[in-house]
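For reference, the structure is listed below as structure tokens.
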Amino acid sequence: MKTHDHNIPPVGIDLGTTYSVVAHLDAQGHPETLVNAEGERLTPSVVFFDEFEVIVGREALKAFARLPERAAECSKRDVGYKVYHKVLQGKYYPPEVIEAYILNKLRQDAAQQIGEFSQVVITVPAYFDEVRRKATQDAGYMAGLEVMDIINEPVAAALAFAYEEGFLDNNVEVSQSQKILVYDLGGGTFDVTVMEIRGHEYVTLAIDGDVRLGGWDWDQRLVDLAAEKIIRVHGFDPREDVRAWGKLWSLCEEAKRTLSVRSKAVISFEYQGRTAEIEIQREQFEEATQDLLDRTRFTTIQALKAAGVTWDEIDRVLLVGGSTRMPMVRRLLREMAKKEAETSVSADEAVALGAAIHAGWLLGKARGEPPRFRIRNVNSHSLGVVGVDPLTRRPRVGTIIPRNTRLPIIAKRRFKTHRPNQRSILVQIVEGESPSPEDCCPIGQVSVKDLPLNLPKGWPVEVIFHYRSNGRLRVKIRVPQMERDINAEFHRERALTKELLDGWRRFISGKEPTDYE
Ligand code: ADP
Ligand code: MG
């Protein structure tokens, strides 16, 4: 195997909802997880806003259990919205800014071991829409990074697995194809992906998921169980006092891990003189969370259907995400797939390792090396434009690219001018599965203000949508039979401006702005 160029280390980052992981390719090209400044492989994705400093990782997680109101946890769940749901030190922060603080720590800690670097690959849930993908890239930029690409977490996990199995070796001829189900249950998101490895091609057949389902929800059920007991003993509901809740949550999260290996766990709660010993049986825990597990079952079946694949055709099941350590998850998959899941790659590191492999491939490609694999994705949400229903006169979404379409793809939509000498048009772009615009995610609008003079009414104007393979969108406008380029402005609904991005980049990472779209 070729050794990589030492000037630019290939680095991959799994920016998780609850934990983040950084990996690189070592001098031999092996993917390897890097430990953080605290010596841990997993960095809690928590940011704590102290009076004078911002703390990230393990210390922030500890502080969160004491003073939850000052900490930002699960910011990835809010990515795509304008601001993080909590006010922190009197301020509303965009979620991607909070993520930038996390990435900045990861960058600095990794640099301690492999030297300064800026080029990285960051992973995103396959289910992330365009707005969230863009926000993730922006987070990387504000952290002083140059995001070469974003890659879907399940694809990264499949790459790490393939590496482990030797499929990525140039000398190995991988002839037969295999279908893989990637079940990723992390802290805050659930993602299920059906993939096929055809020789050196990594083809995503279908994706589905739930951006608001993860280990966190299992924790809250334990908190509820414990709270009931505390109410019975003390007549005090710890969920109503944010600090008592923070403390109880942290104890419950630990108890949950215990319940993965033992049949019972004891939670010793102590708060302002009130104490309670709460014993939880695994059975009791599983019963209280059965509906959450059922949601993942339902989503998994949907993804298989969308892929047109039956369980018999699934060759391998990959379990990704810390929450797949729960025995109930393994049992569910065994029942559904009628086979044991793969365990050759660690469930919480697979994604970062795969991202590093992808980074190595991108850097290699830039040096003119032949590719060892090819990734083929699908889009996770239908892309549409908002129009007016001719019958009801109400706004309605017209789908342009349905979900689960193979990427990259270019789609065109023809509009007609409404009146003679119309100079401008405005096209509203959304992603989502609903016909009504308010239930979809607004991406932005394309406006054209300089259509040629004196076009007759009904003149065609083409809007060209280009979904790249990483799920990012580009929009162009063309007026057929016109020579000159039309200036189309793509105004994003929920993105930070370049000025703000540059300001945050300087502030968070101390790095100067660079060219960035
Ligand atoms: P994400 O990628 O969403 O940040 P991870 O894949 O790191 O998340 O998974 C984190 C989740 O896994 C947390 O909810 C954590 O409590 C849970 N988890 C980690 N280890 C275990 C375990 N041994 N048993 C049960 N849950 C676990
Ligand atoms: Mg994850």
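Tallying residues that are open to solvent by 30 Å² or more (accessible area, probe 1.4 Å) and on the phi < 0 side of the Ramachandran plot within the range 367-386 yields 9. Would it be correct to say that Phe64 is within 16 Å of ligand 1 (Cβ to nearest atom), of a type in the set (Phe, Trp, Tyr) and either more than 19 Å from Glu253 (Cα to Cα) or surrounded by fewer than 23 Cβ atoms within 10 Å (Cβ to Cβ) (or both)? So Phe64 passes the test.
Just give me the residues in the range 236-253 being more than 18 Å from Leu293 (Cβ to Cβ) and open to solvent by 20 Å² or more (accessible area, probe 1.4 Å), in sequence order. Once the filter is applied, which keeps residues that are more than 18 Å from Leu293 (Cβ to Cβ) and open to solvent by 20 Å² or more (accessible area, probe 1.4 Å), the range 236-253 yields Phe236, Asp237, Arg239, Glu240, Asp241, Val242, Arg243, Trp245, Lys247, Trp249, Ser250, Leu251. On the basis of being of a type in the set (D, E, K, R) and either more than 16 Å from ligand 2 (Cβ to nearest atom) or in contact with a Pro (Cβ under 8 Å, 6 or more places away or on another chain) (or both), does Arg325 make the cut? It is false that Arg325 is of a type in the set (D, E, K, R) and either more than 16 Å from ligand 2 (Cβ to nearest atom) or in contact with a Pro (Cβ under 8 Å, 6 or more places away or on another chain) (or both).
Which residues, counting only those in the range 240-274, are in contact with a Leu (Cβ under 8 Å, 6 or more places away or on another chain), more than 14 Å from Gly215 (Cα to Cα) and among the basic types (Lys, Arg)? Within the range 240-274, Arg243 is the sole residue that qualifies.
Do any residues in the range 256-282 that are in contact (Cβ under 8 Å) with a residue 60 or more places away in the chain and within 16 Å of ligand 1 (Cβ to nearest atom) have Cβ atoms under 6 Å from those of residues that are open to solvent by 30 Å² or more (accessible area, probe 1.4 Å) and part of a helix (DSSP H, G or I), where the two are at least six apart or on different chains, and which pairs are they? Final answer for the pair search is Leu259/Arg282; Ser260/Arg325.
Of the residues Arg372, Arg396, which is in contact with a His (Cβ under 8 Å, 6 or more places away or on another chain), of a type outside the set (Val, Ile, Thr) and either within 16 Å of ligand 2 (Cβ to nearest atom) or not in a helix (DSSP H, G or I) (or both)? Selected residue: Arg372, the only one of Arg372, Arg396 that is in contact with a His (Cβ under 8 Å, 6 or more places away or on another chain), of a type outside the set (Val, Ile, Thr) and either within 16 Å of ligand 2 (Cβ to nearest atom) or not in a helix (DSSP H, G or I) (or both). Remark: pairs (first residue in the range 226-247, more than 17 Å from Ala65 (Cα to Cα); second residue acidic (Asp, Glu); Cβ separation under 7 Å; 6+ apart in sequence or on different chains) = Ile231/Asp237.
Looking at the structure I just gave you, is Ile280 farther than 26 Å from Ala350 by Cβ, open to solvent by less than 10 Å² (accessible area, probe 1.4 Å), of a type outside the set (Phe, Trp, Tyr) and at pLDDT 95 or above? Answer is yes for this residue. Mind checking whether some residue in the range 487-497 is of a type outside the set (S, T, N, Q) and at pLDDT 90 or above? Checking the range 487-497: at least one residue is of a type outside the set (S, T, N, Q) and at pLDDT 90 or above.
Kindly indicate whether Ser509 is among the polar types (S, T, N, Q) and touching a helix residue (DSSP H, G or I) at 6+ places or on another chain (Cβ under 6 Å). Spelling it out, Ser509 is indeed among the polar types (S, T, N, Q) and touching a helix residue (DSSP H, G or I) at 6+ places or on another chain (Cβ under 6 Å). Just one residue in the set Gly246, Gly215 is in contact with a helix residue (DSSP H, G or I) (Cβ under 6 Å, 6 or more places away or on another chain), within 16 Å of ligand 1 (Cβ to nearest atom) and at pLDDT below 95; that residue is Gly246.
Apart from one condition, Thr18 fits all of (1) under 23 Å from Leu353 (Cβ atoms); (2) modelled with pLDDT of 95 or more; (3) within 16 Å of ligand 1 (Cβ to nearest atom); (4) open to solvent by 10 Å² or more (accessible area, probe 1.4 Å); the exception is (2). Looking across Ala341, Ala303, Ala337, one residue alone is buried (at least 16 other Cβ atoms within 10 Å of the Cβ) and more than 25 Å from the chain's Cα centre (by Cα). It is Ala337.
One line per residue, one yes/no per condition, for (1) away from ligand 2 (no atom under 16 Å from the Cβ); (2) under 26 Å from Gly16 (Cα atoms); (3) in a helix (DSSP H, G or I); (4) in contact with a strand residue (DSSP E or B) (Cβ under 9 Å, 6 or more places away or on another chain):
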| site | (1), (2), (3), (4) |
| --- | --- |
| Val309 | yes, no, no, yes |
| Asp312 | yes, no, yes, no |
| Val317 | yes, yes, no, yes |
| Arg330 | yes, yes, yes, yes |
| Leu333 | yes, yes, yes, yes |
| Ser346 | no, yes, no, yes |
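Phe167: of a type outside the set (A, V, I, L, M) and within 16 Å of ligand 2 (Cβ to nearest atom), yes or no? Criteria not met by Phe167.
Could you tell me whether any residue of the range 142-164 is surrounded by fewer than 19 Cβ atoms within 10 Å (Cβ to Cβ) and touching a residue at least 40 places away in the same chain (Cβ under 8 Å)? Looking through the range 142-164, at least one residue is surrounded by fewer than 19 Cβ atoms within 10 Å (Cβ to Cβ) and touching a residue at least 40 places away in the same chain (Cβ under 8 Å).
Filtering the range 212-235 down to residues that are open to solvent by 40 Å² or more (accessible area, probe 1.4 Å) and closer than 29 Å to Ala157 by Cβ, which residue is farthest from ligand 2 (Cβ to nearest atom)? By that ranking, first place goes to Arg221.
Here is a yes/no grid of residues against (1) buried (at least 23 other Cβ atoms within 10 Å of the Cβ); (2) outside any loop (DSSP other than H, G, I, E, B); (3) out of contact with any strand residue (DSSP E or B) (no Cβ under 6 Å at 6 or more places or on another chain):
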{"site": "Asn104", "(1), (2), (3)": "yes, yes, yes"}
{"site": "Ala110", "(1), (2), (3)": "yes, yes, no"}
{"site": "Ile122", "(1), (2), (3)": "yes, yes, no"}
{"site": "Phe128", "(1), (2), (3)": "yes, no, yes"}
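Contact annotation: residue pairs with Cβ atoms under 9 Å, 6 or more positions apart or on different chains, pairing a residue in the range 378-394 that is acidic (Asp, Glu) with a partner that is open to solvent by 30 Å² or more (accessible area, probe 1.4 Å), are Asp389/Pro395; Asp389/Arg396; Asp389/Pro435. Within the range 351-366, the set of residues being open to solvent by less than 10 Å² (accessible area, probe 1.4 Å) and modelled with pLDDT under 95 comprises just one member, Gly364.
Residue-by-condition table, conditions (1) without any contact (Cβ under 8 Å) to a residue 40 or more places away in the chain; (2) closer than 30 Å to Cys441 by Cβ:
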position	(1), (2)
Ile8	no, no
Val21	no, yes
Leu25	no, no
Val83	yes, yes
Gln89	no, yes
Tyr92	yes, yes
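The values are calculated or read from the model by the stated rules, or taken from the named source; none is laboratory data. Predicted model only: the values in this text are computed from it and were never measured. Here the Cβ is made from the backbone with ideal geometry for all residues, glycine too, and neighbour counts use every protein chain on show. Note: accessible area is taken over every heavy atom of the protein model, side chains too, but ligands, DNA and RNA are not part of it. Shrake-Rupley method; radii C 1.70, N 1.55, O 1.52, S 1.80 Å.
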